[in-house]
Amino acid sequence: MRRRIEVDADKPAVLMPAAVLNEVFAHAREADPEECCGLITGTDAEPYRAVVRCRNDMTRHHQRDPVTYPRDGRQGFYMNEQDYLRAEDEAEARGERITCVYHSHVDAGAYFSEMDQDFAGEPLFPFPDAHHLVVSVVGGQVVGQGLFRGHAEGFVGRAVAHEPT
Ligand SMILES: [Zn+2]
(Lines give C-alpha, C1' and ligand atoms only; values in the text may rest on other atoms or scores of the structure.)
Protein backbone atom coordinates (compact mmCIF):
# COMPACT_ATOMS: atom_id res chain seq x y z
CA MET A 1 0.00 0.00 0.00
CA ARG A 2 1.34 3.40 -1.01
CA ARG A 3 1.65 6.30 1.36
CA ARG A 4 2.12 9.98 0.75
CA ILE A 5 5.77 11.01 0.58
CA GLU A 6 6.91 14.06 2.50
CA VAL A 7 10.00 16.20 1.93
CA ASP A 8 13.04 14.66 3.64
CA ALA A 9 14.34 17.53 5.77
CA ASP A 10 17.71 15.78 6.26
CA LYS A 11 18.57 16.00 2.57
CA PRO A 12 19.99 19.23 1.09
CA ALA A 13 17.58 21.43 -0.86
CA VAL A 14 17.49 21.32 -4.66
CA LEU A 15 18.29 24.76 -6.10
CA MET A 16 16.20 26.31 -8.87
CA PRO A 17 16.51 29.72 -10.53
CA ALA A 18 14.36 32.33 -8.76
CA ALA A 19 12.64 33.29 -12.05
CA VAL A 20 11.51 29.69 -12.60
CA LEU A 21 10.22 29.22 -9.05
CA ASN A 22 8.47 32.60 -9.07
CA GLU A 23 6.67 31.76 -12.32
CA VAL A 24 5.44 28.44 -10.88
CA PHE A 25 4.32 30.22 -7.69
CA ALA A 26 2.47 32.89 -9.73
CA HIS A 27 0.67 30.17 -11.70
CA ALA A 28 -0.29 28.37 -8.48
CA ARG A 29 -1.75 31.58 -6.97
CA GLU A 30 -3.66 32.44 -10.15
CA ALA A 31 -5.16 28.93 -10.44
CA ASP A 32 -6.37 28.95 -6.81
CA PRO A 33 -8.88 27.48 -5.79
CA GLU A 34 -7.95 24.91 -8.46
CA GLU A 35 -4.65 23.10 -8.82
CA CYS A 36 -2.31 24.41 -11.50
CA CYS A 37 -0.10 22.18 -13.63
CA GLY A 38 2.72 22.63 -16.10
CA LEU A 39 6.19 21.69 -17.18
CA ILE A 40 9.75 22.85 -16.65
CA THR A 41 12.17 22.39 -19.53
CA GLY A 42 15.95 22.39 -19.59
CA THR A 43 19.13 20.50 -20.37
CA ASP A 44 21.40 18.16 -18.43
CA ALA A 45 23.63 21.10 -17.49
CA GLU A 46 20.71 23.45 -16.71
CA PRO A 47 17.70 21.28 -15.90
CA TYR A 48 15.34 24.06 -14.76
CA ARG A 49 15.35 26.78 -17.44
CA ALA A 50 11.84 27.59 -18.59
CA VAL A 51 8.28 27.18 -17.28
CA VAL A 52 5.42 26.19 -19.61
CA ARG A 53 1.95 26.51 -18.12
CA CYS A 54 -0.55 23.81 -19.09
CA ARG A 55 -4.31 23.85 -18.65
CA ASN A 56 -5.78 21.68 -15.90
CA ASP A 57 -8.69 19.80 -17.52
CA MET A 58 -9.76 17.90 -14.40
CA THR A 59 -12.93 19.94 -13.80
CA ARG A 60 -13.96 19.47 -17.46
CA HIS A 61 -13.45 15.69 -17.21
CA HIS A 62 -15.25 15.54 -13.86
CA GLN A 63 -18.29 17.37 -15.24
CA ARG A 64 -18.42 15.09 -18.28
CA ASP A 65 -17.79 11.79 -16.45
CA PRO A 66 -17.87 12.00 -12.63
CA VAL A 67 -17.63 8.21 -12.22
CA THR A 68 -14.26 7.94 -13.96
CA TYR A 69 -13.11 11.33 -12.62
CA PRO A 70 -14.49 11.65 -9.08
CA ARG A 71 -12.38 14.72 -8.27
CA ASP A 72 -12.52 18.14 -9.88
CA GLY A 73 -9.66 20.59 -10.42
CA ARG A 74 -9.56 21.63 -6.76
CA GLN A 75 -8.34 18.16 -5.77
CA GLY A 76 -6.52 16.94 -8.82
CA PHE A 77 -4.99 17.83 -12.13
CA TYR A 78 -5.31 16.44 -15.62
CA MET A 79 -2.79 18.10 -17.90
CA ASN A 80 -4.24 19.22 -21.23
CA GLU A 81 -2.76 16.91 -23.84
CA GLN A 82 -2.35 19.52 -26.59
CA ASP A 83 -0.56 21.82 -24.14
CA TYR A 84 2.01 19.25 -23.09
CA LEU A 85 2.59 17.91 -26.61
CA ARG A 86 3.22 21.45 -27.85
CA ALA A 87 5.52 22.14 -24.89
CA GLU A 88 7.49 19.02 -25.72
CA ASP A 89 7.89 20.03 -29.40
CA GLU A 90 8.92 23.56 -28.50
CA ALA A 91 11.43 22.33 -25.93
CA GLU A 92 12.95 19.99 -28.49
CA ALA A 93 13.28 22.85 -30.97
CA ARG A 94 15.29 24.76 -28.34
CA GLY A 95 17.53 21.75 -27.64
CA GLU A 96 15.75 21.16 -24.31
CA ARG A 97 13.59 18.43 -22.86
CA ILE A 98 10.89 18.14 -20.20
CA THR A 99 12.81 17.78 -16.94
CA CYS A 100 10.06 18.44 -14.42
CA VAL A 101 6.28 18.29 -14.07
CA TYR A 102 4.77 20.73 -11.56
CA HIS A 103 1.38 21.03 -9.92
CA SER A 104 -0.11 22.67 -6.86
CA HIS A 105 -2.07 21.44 -3.86
CA VAL A 106 -4.77 23.78 -2.59
CA ASP A 107 -5.17 23.94 1.20
CA ALA A 108 -2.89 20.90 1.51
CA GLY A 109 0.84 20.40 2.02
CA ALA A 110 3.64 19.99 -0.52
CA TYR A 111 3.76 16.21 -0.32
CA PHE A 112 3.62 13.60 -3.10
CA SER A 113 0.22 11.99 -2.70
CA GLU A 114 -0.81 8.40 -3.39
CA MET A 115 -2.63 9.72 -6.46
CA ASP A 116 0.45 11.64 -7.61
CA GLN A 117 2.53 8.45 -7.33
CA ASP A 118 -0.03 6.44 -9.29
CA PHE A 119 -0.11 9.09 -11.99
CA ALA A 120 3.70 9.33 -12.28
CA GLY A 121 4.09 5.55 -12.31
CA GLU A 122 1.40 4.90 -14.90
CA PRO A 123 2.76 3.15 -18.04
CA LEU A 124 1.28 5.87 -20.28
CA PHE A 125 2.71 8.76 -18.25
CA PRO A 126 4.45 10.84 -20.94
CA PHE A 127 7.51 11.95 -18.92
CA PRO A 128 8.78 8.92 -16.98
CA ASP A 129 12.16 10.51 -16.17
CA ALA A 130 10.82 13.87 -15.08
CA HIS A 131 11.05 15.19 -11.54
CA HIS A 132 7.87 16.38 -9.82
CA LEU A 133 7.58 19.80 -8.20
CA VAL A 134 4.63 20.18 -5.82
CA VAL A 135 3.64 23.62 -4.52
CA SER A 136 1.37 24.12 -1.52
CA VAL A 137 -1.15 26.99 -1.68
CA VAL A 138 -2.95 27.84 1.56
CA GLY A 139 -5.22 30.88 1.85
CA GLY A 140 -4.19 32.00 -1.64
CA GLN A 141 -0.47 32.10 -0.82
CA VAL A 142 2.35 29.67 -1.62
CA VAL A 143 3.51 28.28 1.71
CA GLY A 144 5.82 25.43 0.70
CA GLN A 145 7.27 23.36 -2.11
CA GLY A 146 8.98 20.01 -2.61
CA LEU A 147 10.70 18.16 -5.43
CA PHE A 148 10.03 14.42 -5.79
CA ARG A 149 12.24 12.12 -7.83
CA GLY A 150 11.77 8.49 -8.67
CA HIS A 151 14.31 5.94 -7.46
CA ALA A 152 14.42 2.18 -7.43
CA GLU A 153 12.92 2.19 -3.94
CA GLY A 154 10.19 4.71 -4.82
CA PHE A 155 10.04 8.51 -4.70
CA VAL A 156 12.22 10.68 -2.51
CA GLY A 157 11.20 14.24 -1.55
CA ARG A 158 13.62 17.16 -1.26
CA ALA A 159 13.17 20.77 -0.25
CA VAL A 160 13.54 23.37 -3.03
CA ALA A 161 15.24 26.74 -2.63
CA HIS A 162 16.11 29.71 -4.86
CA GLU A 163 19.58 29.66 -6.39
CA PRO A 164 21.66 32.46 -4.90
CA THR A 165 21.63 35.39 -7.33
ZN1 LIG B 1 -0.61 16.17 -6.05
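Within region 14-39, the set of residues being more than 16 Å from the ligand (Cβ to nearest atom) and part of a strand (DSSP E or B) comprises 14, 15, 16. Which numbered condition in (1) open to solvent by 20 Å² or more (accessible area, probe 1.4 Å); (2) not in a helix (DSSP H, G or I) is the only one that residue 102 fails? Here residue 102 clears every test but (1). Taking region 105-127 as the range and being without any contact (Cβ under 8 Å) to a residue 12 or more places away in the chain and open to solvent by 70 Å² or more (accessible area, probe 1.4 Å) as the test, the residues that pass are 122, 123, 124. Regarding region 79-86, can at least one residue be identified that is within 23 Å of residue 2 (Cβ to Cβ), free of Cβ contacts under 8 Å to residues at least 12 places away in the same chain and more than 14 Å from the ligand (Cβ to nearest atom)? No, every residue in region 79-86 fails to be within 23 Å of residue 2 (Cβ to Cβ), free of Cβ contacts under 8 Å to residues at least 12 places away in the same chain and more than 14 Å from the ligand (Cβ to nearest atom). Based on what the data block shows, is residue 49 open to solvent by 50 Å² or more (accessible area, probe 1.4 Å), more than 15 Å from the ligand (Cβ to nearest atom) and more than 15 Å from residue 145 (Cβ to Cβ)? So residue 49 fits the description; yes. The residue that is farthest from the ligand (Cβ to nearest atom), counting only those in region 102-118 that are hydroxyl-bearing (Ser, Thr, Tyr) and farther than 16 Å from residue 55 by Cα, is 111. Taking (1) modelled with pLDDT of 95 or more; (2) away from the ligand (no atom under 14 Å from the Cβ); (3) open to solvent by 60 Å² or more (accessible area, probe 1.4 Å) in turn, residue 151 satisfies each apart from (1). The residues in region 130-153 that are assigned to a strand (DSSP E or B) and touching a strand residue (DSSP E or B) at 6+ places or on another chain (Cβ under 7 Å) can be counted, and the count is 15.
The values are calculated or read from the model by the stated rules, or taken from the named source; none is laboratory data. Computed from a predicted model, the values in this text were never measured in an experiment. A quick note on method: Cβ atoms are made from the backbone with ideal geometry, for glycine too, and the neighbour counts reach across all protein chains shown. In case anyone asks, the SASA skips ligands and DNA or RNA and just uses the protein heavy atoms, side chains included. Shrake-Rupley method; radii C 1.70, N 1.55, O 1.52, S 1.80 Å.
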